[in-house]
Protein chains: 2
Amino acid sequence: MPHRQRPFIQQFYPDDHAWCYGCGRLNDQGLHLESAWEGDEVVARVTPRPEHMSIPGYVYGGLIAALIDCHAMATAAAHADRLAGRHLGDGEVPRYVTAALTVDYLHPTPLGNELVLRARVREAGRRKLVVEVALECAGRETARGDVVAVPIPEGMLAPRT
Amino acid sequence: MPHRQRPFIQQFYPDDHAWCYGCGRLNDQGLHLESAWEGDEVVARVTPRPEHMSIPGYVYGGLIAALIDCHAMATAAAHADRLAGRHLGDGEVPRYVTAALTVDYLHPTPLGNELVLRARVREAGRRKLVVEVALECAGRETARGDVVAVPIPEGMLAPRT
């Protein structure tokens, strides 16, 4: 489903945080979203599978929300990595989780097209990052997301192997 | 994945609108969410599959958003059906689509539990309905959704068979 790009941000998630259904490279049954820097934006390209429909012919809103969510977390991680003076690939990136997600469905999103997600960090607090995501389909912005990312809480950390 | 209840609202979606990946009874590969009236609330019960993880041990936020989305659309449909003086099962229910979705992730949602979604219509305009959804896991509210539903636009209507 994703269009492979290298290097992609999720490649540098620690192994024990790389199982997400939406973007984990180790989740065999997942969607394998891959997000990469393009200048100051983080971009991902995905073609939904035929079964990812809502009304026949249109992409299911739950998939759009899921892609926006995972893409925003990758954007937060890459932003924090850059802020720390590192370059993507220097090592693992920090893992963020979603505190809040808002998606505006501006237009129906036709199935059978590549979707392009473009994101940037709009607000950066001491802990919290607000990421805005535009989802384009066939050159038109069909959905827009606003996502609050926070560093993964201690309680969710799995023991490192 | 869903815990079967009868009658459920999605049972009464017209056949050509019953293909949604989240809740379409005709989508073989989908999640088959089933939402039913319980008094004045609309309730659904779902146990996520093991692969629906974010961080290992926790439910993926994209699934939570998707379930809230589909459950809210069923709630809107059932509400409109009641407002029209009908009882669920009198015939097809009207089909709503999502204009905007907000999800607050209040706490991590542990995998391996039944999730309970409870929804009601909070605001009803002439066209737009605002649905609030609480998602509970092991007796605790771990996510909350606020969803704007509108009747399916003419342009998305498939020809009736």
Q. Limited to region A:150-161, what total is found for residues that are assigned to a loop (DSSP other than H, G, I, E, B) and surrounded by fewer than 16 Cβ atoms within 10 Å (Cβ to Cβ)?
A. 6
Q: Name the single residue, out of those in region A:122-149 being open to solvent by less than 50 Å² (accessible area, probe 1.4 Å) and over 20 Å from A:ALA36 (Cα atoms), that is nearest to the other protein chains (Cβ to nearest Cβ).
A: A:THR142
Q: Could you figure out which of (1) within 23 Å of A:ARG122 (Cα to Cα); (2) of a type in the set (A, V, I, L, M, F, W, C); (3) open to solvent by less than 10 Å² (accessible area, probe 1.4 Å) isn't true of A:ALA84?
A: (3)
Q. Looking at A:ALA119, is it touching a helix residue (DSSP H, G or I) at 6+ places or on another chain (Cβ under 6 Å), within 14 Å of chain B (Cβ to nearest Cβ) and within 30 Å of A:THR47 (Cβ to Cβ)?
A. no
Q.
I'm trying to understand the selection: among the residues of region B:19-58, which are β-branched (Val, Ile, Thr) and either free of Cβ contacts under 8 Å to residues at least 60 places away in the same chain or open to solvent by 10 Å² or more (accessible area, probe 1.4 Å) (or both)?
A. B:THR47, B:ILE55
Q) What are the pairs, 6+ residues apart or on separate chains, where a residue within region A:130-149 that is part of a strand (DSSP E or B) has its Cβ under 8 Å from a residue that is of a type in the set (Phe, Trp, Tyr)? A) A:THR142/A:TYR105; A:ALA143/A:TYR105; A:ALA149/A:TYR96
(Q) For region A:98-109, check the following and say yes or no: at least one residue is touching a Cys at 6+ places or on another chain (Cβ under 8 Å), open to solvent by less than 20 Å² (accessible area, probe 1.4 Å) and β-branched (Val, Ile, Thr). (A) yes
Q: Determine which single condition B:ALA65 fails, assuming it passes every other condition in (1) of a type outside the set (Asp, Glu); (2) in contact (Cβ under 8 Å) with a residue 40 or more places away in the chain; (3) part of a loop (DSSP other than H, G, I, E, B).
A: (3)
Q | Selection from region A:88-104 of residues that are out of contact with any helix residue (DSSP H, G or I) (no Cβ under 6 Å at 6 or more places or on another chain) and within 13 Å of chain B (Cβ to nearest Cβ) | A | A:VAL97, A:ALA99, A:ALA100, A:THR102, A:ASP104
Q) For region A:110-121, what are the residues that are of a type outside the set (Val, Ile, Thr) and either open to solvent by less than 50 Å² (accessible area, probe 1.4 Å) or in a strand (DSSP E or B) (or both)? A) A:PRO110, A:LEU111, A:ASN113, A:LEU115, A:LEU117, A:ARG118, A:ALA119, A:ARG120
Q | Residues of region B:35-62 satisfying the condition of being more than 7 Å from chain A (Cβ to nearest Cβ) and among the hydrophobic types (A, V, I, L, M, F, W, C) | A | B:ALA36, B:TRP37, B:VAL42, B:VAL43, B:ALA44, B:VAL46, B:VAL59
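The values are calculated or read from the model by the stated rules, or taken from the named source; none is laboratory data. Only a predicted model underlies this, so the values are computations on that prediction, with no experimental measurement involved. In this analysis, Cβ positions are derived from the backbone assuming ideal geometry, glycine residues included, and neighbour counts consider all displayed protein chains. Calculation scope for accessible area: heavy atoms of the full protein, side chains included, ligands and nucleic acids excluded. Shrake-Rupley method; radii C 1.70, N 1.55, O 1.52, S 1.80 Å.
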